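Down below is the structure, laid out as structure tokens.
Every read-out reported here was derived from the displayed coordinates using simple, explicitly stated rules and does not represent laboratory data. Since the model is a prediction, treat every value here as computed from it, not as a measurement. Because the Cβ atoms are built from the backbone with ideal geometry, glycine has one as well, and the counts that use them run over all protein chains shown.
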Amino acid sequence: MIKLLSSLLSLLDRLWASWSENKLRQQGRQETIKEANDEINRQIELGAAAISVPDLERDERLRDRFDRSRK
């Protein structure tokens, strides 16, 4: 009887450990996804900020290219 209870408790302990490990792994995945999304959003904000800054040299190059294409 004691051996049966011991085996049952051992099985329950393994199941609990497996469930806990799976839960931690899932949380790790969610954290990784959140970090990746944060990095993507940061890159988008940097790109938007770079576009909003006027670049006179780039504008001049584009005007020259446009003028050359009209000839």
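For the reader, a short list of remarks on this structure follows.
- Here residue 39 passes the criteria (1) surrounded by fewer than 10 Cβ atoms within 10 Å (Cβ to Cβ); (2) within 25 Å of the chain's Cα centre (by Cα) except the one numbered (1).
- Some residue of region 2-9 being part of a helix (DSSP H, G or I), of a type in the set (Lys, Arg) and surrounded by 10 or more Cβ atoms within 10 Å (Cβ to Cβ): no
- Among the residues of region 47-64, those that are surrounded by 10 or more Cβ atoms within 10 Å (Cβ to Cβ) and assigned to a helix (DSSP H, G or I) comprise 47, 59, 60, 61, 62, 63, 64.
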